Amino acid sequence: MSEFGSWRFARATAADAPAVAAFQTMVWDQTYSGLIAEEMLAATSTDRTSRWTERISTGERDVTLARIGSEIVGVASTSKGTPPHYGLPSTELCSFSLRTDVRGTGLADQLLREAIGREDAHLLVFDVNERARRFYRRHGFVSFGDPQLDEGTGLMERRMVRSHFGASEFST
């Protein structure tokens, strides 16, 4: 566990899965209400606890928690493995969420450092989430390829890549 200001960072264990699932549901409701059909938004909260328990306990995801006191205020999850295509970095930032009241405090910068450091990485981000896209660009990520439809939400998303060995090769 490490600390930065009043924030504490730790790796999640399977025991944290219910809290991670509840946090993700809350953040998705805050961020995407009105952007995603309400039925789809409600469906995203179904069975999150078992998915997070499996992801964490099997090592499929490495989950970093940011807390103030005992409250989770941020969650980042990564996976490592065979790059999906085009020689992308093996680290994928799979999810990255903050509670709305801690946005703009510097927590996001520190949570990203705790989760992936300065590693090369890739991620998918919804086109409608311009705030997130600006954040990732500020941290060296560039768009890669054409936007694609996320079937689960009906939103367009794009891949972004950070590569210290020729980031411009991924720029589109």
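The values are calculated or read from the model by the stated rules, or taken from the named source; none is laboratory data. The structure presented is a predicted model; accordingly, all values stated were derived computationally and were not measured. In this analysis, Cβ positions are derived from the backbone assuming ideal geometry, glycine residues included, and neighbour counts consider all displayed protein chains. The protein model used for the area step is the full one, side chains on, heavy atoms only, and it has no ligands, DNA or RNA in it. Shrake-Rupley method; radii C 1.70, N 1.55, O 1.52, S 1.80 Å.
Output the number of the condition that LEU123 fails; it satisfies all remaining conditions of (1) within 19 Å of VAL63 (Cα to Cα); (2) open to solvent by 50 Å² or more (accessible area, probe 1.4 Å); (3) under 14 Å from the mean Cα position of the chain (by Cα).
The failed condition is (2).
Which of the residues belonging to the range 66-107 are in a helix (DSSP H, G or I) and open to solvent by less than 20 Å² (accessible area, probe 1.4 Å)?
Let us first name the residues in the range 66-107 that are in a helix (DSSP H, G or I), namely 100-102, 107.
Hits for the range 66-107 are VAL102, LEU107.
Looking at (1) of a type outside the set (A, V, I, L, M); (2) in a loop (DSSP other than H, G, I, E, B); (3) at pLDDT 80 or above, which is the one condition that is false for ASP16?
(2)
Name, by its number, the condition in (1) at pLDDT below 90; (2) on the phi < 0 side of the Ramachandran plot that does not hold for VAL63.
Only one criterion in (1) at pLDDT below 90; (2) on the phi < 0 side of the Ramachandran plot is unmet by VAL63, namely (1).
Of the residues that sit in the range 140-154 and are more than 22 Å from VAL27 (Cα to Cα) and open to solvent by less than 50 Å² (accessible area, probe 1.4 Å), which one is farthest from the chain's Cα centre (by Cα)?
Of all residues in the range 140-154, those more than 22 Å from VAL27 (Cα to Cα) come to 140-148.
Narrowing the set further to residues that are open to solvent by less than 50 Å² (accessible area, probe 1.4 Å) leaves 140-145.
Values: GLY140: 16, PHE141: 14, VAL142: 16, SER143: 16, PHE144: 17, GLY145: 19 Å.
Looking at the filtered set, the residue picked out is GLY145.
Within the range 12-52, how many residues are open to solvent by less than 50 Å² (accessible area, probe 1.4 Å) and within 25 Å of SER90 (Cβ to Cβ)?
7
Conditions first: (1) touching a helix residue (DSSP H, G or I) at 6+ places or on another chain (Cβ under 9 Å); (2) crowded, with 18+ Cβ neighbours inside 10 Å. GLU60 passes all but one, so which condition is the exception?
It fails just one condition, (2).
Which residue pairs have Cβ atoms closer than 9 Å, lie 6 or more positions apart in sequence or on different chains, and pair a first residue in the range 154-172 that is farther than 30 Å from SER33 by Cα and at pLDDT 55 or above with a second residue that is part of a loop (DSSP other than H, G, I, E, B) and open to solvent by 30 Å² or more (accessible area, probe 1.4 Å)?
Listed pairs, sorted by first residue: SER163/ASP120; SER163/GLY140; HIS164/ARG118; HIS164/GLU119; HIS164/ASP120; HIS164/GLY140; PHE165/ASP120.
Condition first: outside any loop (DSSP other than H, G, I, E, B) and at pLDDT below 80. Now tell me which residues in the range 25-44 satisfy that.
Initially, the range 25-44 is screened for residues outside any loop (DSSP other than H, G, I, E, B), giving 25-33, 36, 38-44.
Passing the criteria: ILE36, GLU38, GLU39, MET40, LEU41, ALA42, ALA43, THR44.
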